[in-house]
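This report refers to the structure that appears directly beneath it.
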Amino acid sequence: METRAKAEQGTLRREAEALAASVAGSENELDQSLWSKFAQAPTVEAFCTNWLALQCRMIGNVQAGMVLLGQADRGPFRPVAVWPDKHRSLKHLTKTAERTLQERRGLVSRGATDDEPDGATNGHYEIGYPIEARGSLHGAAVLEVASQNDIRLQAVMRQLHWGAAWLELLFSREAIASEQETRERMQAALDLTATVLGHERGYAAAMAFASALAARLACDRVSIGFLRHGRSRVYAMSHSAEFKLQTNLVRAMGGVMDEAIDQRETVVYPPAEDTPPVVVRAHGEFAADQDSGALCTIPLESCGTPIGALLLERPASRPFDRKTIELCQSVAALAGPILDVQRREDRWLAVKAADSVRNYAAKLVGPRHVGLKLGTMAVAGVAAFCFLAEGDYRVSAKSVLEPIVQRAAAAPFDGYIKEAPVRAGDFVQAGQVLCALDDRELKLERLKALSRLEEYQKEFHKAMAEREAAKVEILTAQMNQVQAEIALLDDKLAHTLVNAPFDGIVATGDLSQSLGAPVEKGKVLYEIAPLENYRVVLEVDERDIGDVKVGQRGAVMLSAFPSETLVATVDKVTPVSTAREGRNFFRVEARLDEPHDRLRPGMEGAGKIEIDRRLYVWIWTHQIVDWIRLTLWSWLP
C-alpha cells in the first residue's frame with residue numbers, strides 16, 4: 001500500500017512539473033509575441049496596446065489598465081489602449097485619469113467599482129502616470145492593481161515610470177520627425193518661392209515658378225490661374241512660353257480651378273480615403289478628357305481672399321501623397337500673394353486705375369468699410385460745396401501806407417547848418433522852425449554892399465554937381481546893381497530859418513548830427529507829411545491786375561495793428577509795372593474811407609481788393625489753371 005501511494009505521489013509530481021513547464025513555455029511564447037508586436041507596431045494605437053499589455057504582465061496583479069492620448073497640452077484625451085479586454089468598461093478609472101492630466105504627476109488612490117456605492121472601496125488601488133515628452137503633455141496611463149503594501153505600490157509606480165519612457169521616446173521621435181519634415185517642406189517652399197523673386201515681370205516669374213515646381217515634384221504639367229470677373233483664367237503653364245486662351249484645354253483648366261476656389265479647399269483626384277469629402281466632378285471630367293492620372297488643385301489666397309489656383313498634374317502611377325500635398329499648400333501660401341502682386345504691377349496704368357476704381361466702388365456699396373463710406377461722404381460734401389457755393393473773390397497784395405501830400409523843406413541857399421531842433425518822427429506845427437542856417441557871412445556881405453552903395457551915392461552927387469552926364473549914368477547903374485545885391489542878401493537873411501509848411505510829422509531828415517556841415521542850395525533837408533491824409537499803395541501781381549478796377553472796395557490790415565481792418569477804395573491803377581523777386585507788380589492806389597489817428601507813413605501790411613462773388617473751386621484753382629493754360633499754349637506750335 002505504501003509503495004502504491006508513493007508511486008501515485010510521484011506520478012502526480014511529474015504531471016504537475018510537466019504542467020508548470022507547459023505554462024511557463026506558453027508564457028514565454030506570449031511574452032516574445034508581445035515584444036515582437038511592440039517592436040514592430042505600425043501605429044501609435046498598436047504601440048500603446050502592446051506596451052500596456054507588457055506593463056501589466058511585468059507588474060503583475062493588474063486588474064485593468066488603459067492609456068489615454070490626445071493633442072499635446074490641449075486634448076481632448078481619449079482611450080487608445082485598454083487591458084485586458086478592449087470592450088470592458090473602465091469608467092471607474094476616469095477620475096484618476098483626469099486628476100493625473102490636470103496635476104501632471106503620478107498619483108495613487110483607492111479604487112471603487114461602478115456597481116458599489118460612492119465612497120465604497122473594493123480593496124484595489126488606481127495608479128495614474130502622465131505621459132510627457134519635451135515638456136508637452138500627450139496623455140496618461142492608469143492601472144488598477146490589487147491591494148498590496150506600500151513597498152509593492154512603490155515598485156509598481158517605479159515600473160510604470162520606467163515603462164513610460166518608451167512612450168516618451170515614441171512622441172519625442174514623432175516630434176523630431178515632424179519638425180524635420182516641416183523644416184524640409186519650408187526649405188523646399190522657400191527655394192521655389194525664390195524663383196518668383198528672381199524675375200521682375202509677372203508672367204516670367206509665374207512661368208519660372210510653374211516650371212520649377214513641375215521639375216521639383218515630377219509633375220507632367222503645372223498651371224497657374226487667377227480670378228478675373230469671377231472666373232479663373234490660366235495665366236502661366238510650366239514649360240510653355242505661349243498658349244491660346246480660347247482652347248478647350250485652357251477653358252477646362254479654368255473650370256477645374258473654379259471648382260477648388262468655390263470650395264476653398266485643396267482638391268485631390270482621385271480622392272484619398274482619409275481626406276474630407278469634396279466635389280471632384282470637374283476634376284474627374286478633366287482627368288478623363290486629358291488622360292491625366294492624378295490632379296491636385298490648391299486655391300491661392302491673399303489676405304484671406306481667393307485670387308486664383310494652382311493646378312498640378314501627374315501620371316496615375318504617382319498619385320499625390322500627404323507630404324506632397326502639404327508641400328504644395330506651403331508653396332501656394334508663400335508664392336501666391338507674391339505672384340498676384342507681380343501680376344498686378346505688370347499691368348497697364350489704365351488697367352490699374354480701372355481696377356482701383358472698381359475695388360473702391362465695391363467697397364463703397366458693399367458691407368463693412370464704414371470709415372471709407374463716411375470719408376467718401378465727407379469728400380463728396382466738400383466737393384459739392386466747392387462746385388456749388390459762391391464766395392467773395394478778393395485779390396491779395398502787399399500794402400504800404402503813403403501820405404497824400406508830402407512837402408519837402410529844401411536849403412534856400414548854400415550855407416552851413418546852425419541849429420537843427422527837430423528830426424524824423426517829430427510832430428511839428430505850421431511855422432515851427434525845423435532848422436536854422438548860419439547868417440554871419442550874409443550879414444557881412446550886406447554891410448559890404450551898403451558901404452559900396454554909399455560910395456556910389458557920393459560919387460553920384462559929385463557927378464551931378466559937375467554936370468557929367470555920362471558918369472551919372474554909370475554910377476546910377478552901379479547903385480542899382482548894389483541895391484539888387486542888398487535885396488538878395490536881405491531875402492537870404494529872411495530864409496535862414498526853415499519853417500514847417502503845415503501841421504504834420506517829419507517823415508525824413510535828421511540834421512542833429514550835422515551841425516556846422518555845409519549844405520547846397522536845393523538840397524532836401526526834411527520831408528513833412530500830414531497826420532490824417534494817407535493813401536494805401538497796393539502791389540498787385542500781374543496775374544490779378546486784370547480784375548482790379550477803379551472804385552472797387554477793399555480792406556487793409558497793417559502789421560502795426562493786426563487786430564484792426566481799414567476800409568479803402570481803389571482810386572488809381574497805374575499802367576507801369578515794377579519787377580521784384582522775379583515777378584511783375586503793378587502799383588494800385590487806394591484811399592482810406594475813415595481817418596485813423598495812429599497811422600504813420602511807411603507802415604506795411606496786407607491788403608485785399610474785393611472783385612465779385614465766384615465759385616470757391618474757381619477761387620482756389622484759377623491761378624493753377626491759368627498757369628497750365630499759358631504753359632500749354634506756349635508749347636503748342
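The values are calculated or read from the model by the stated rules, or taken from the named source; none is laboratory data. Just so we're clear, the structure is a prediction, and the values are computed from it rather than from any experiment. Cβ placement follows ideal geometry from the backbone for every residue including glycine, while neighbour counts extend to all protein chains displayed. For the accessible areas, the whole protein counts, side chains as well, though only heavy atoms, and no ligand, DNA or RNA atoms are used. Shrake-Rupley method; radii C 1.70, N 1.55, O 1.52, S 1.80 Å.
For the reader, a short list of remarks on this structure follows.
- Lone qualifier among V588, V570, V576 - being exposed (fewer than 11 other Cβ atoms within 10 Å of the Cβ) and assigned to a strand (DSSP E or B): V576
- Checking A164, A140, A155 one by one, the residue that is within 18 Å of Q63 (Cβ to Cβ), part of a helix (DSSP H, G or I) and at pLDDT 75 or above is A155 and no other.
- Number of positions in the stretch 484-513 that are among the acidic types (D, E) and loosely packed, with under 15 Cβ neighbours inside 10 Å: 2
- Count of residues meeting criterion [free of Cβ contacts under 8 Å to residues at least 40 places away in the same chain and either more than 16 Å from L101 (Cβ to Cβ) or open to solvent by 30 Å² or more (accessible area, probe 1.4 Å) (or both)] in the stretch 53-80: 8
- Of residues in the stretch 469-483 being exposed (fewer than 14 other Cβ atoms within 10 Å of the Cβ) and not polar (S, T, N, Q), the one farthest from the chain's Cα centre (by Cα): A469
- Which listed residue is touching a Gly at 6+ places or on another chain (Cβ under 6 Å) and open to solvent by less than 30 Å² (accessible area, probe 1.4 Å), from L160, L143: L143
- Residues (within 21 Å of I611 (Cα to Cα), in contact with a Lys or Arg (Cβ under 8 Å, 6 or more places away or on another chain) and not in a strand (DSSP E or B)) located in the stretch 548-567: V550
- Residue count for the stretch 309-331, restricted to those that are in contact with a helix residue (DSSP H, G or I) (Cβ under 7 Å, 6 or more places away or on another chain) and closer than 17 Å to F209 by Cα: 8
- In the stretch 81-108, residue most open to solvent (accessible area, probe 1.4 Å) [restricted to those that are polar (S, T, N, Q) and not in a loop (DSSP other than H, G, I, E, B)]: Q102
- First in the stretch 268-286 and under 16 Å from R251 (Cβ atoms) and free of Cβ contacts under 8 Å to residues at least 60 places away in the same chain, second anywhere and of a type in the set (S, T, N, Q) and part of a loop (DSSP other than H, G, I, E, B), Cβ under 8 Å, 6 or more apart: F286/S292
- Near pairs, Cβ below 6 angstrom, 6+ apart or cross-chain, from the stretch 536-561 (closer than 21 Å to H596 by Cα) to any residue that is hydroxyl-bearing (S, T, Y): V536/S399; L538/S399; R553/T569; A555/T565; V556/S399; M557/T565
- Being among the aliphatic types (A, V, I, L, M) and assigned to a loop (DSSP other than H, G, I, E, B) is a property that A272 has.
- Highlighted here are the strands (runs of 3 or more DSSP E) found entirely within the stretch 373-467 that include at least 2 residues which are surrounded by 13 or more Cβ atoms within 10 Å (Cβ to Cβ) and touching a helix residue (DSSP H, G or I) at 6+ places or on another chain (Cβ under 7 Å): 390-403.
- The condition of being farther than 30 Å from A212 by Cβ, open to solvent by less than 70 Å² (accessible area, probe 1.4 Å), assigned to a helix (DSSP H, G or I) and of a type outside the set (S, T, Y) holds for only one of L364, L334, that being L364.
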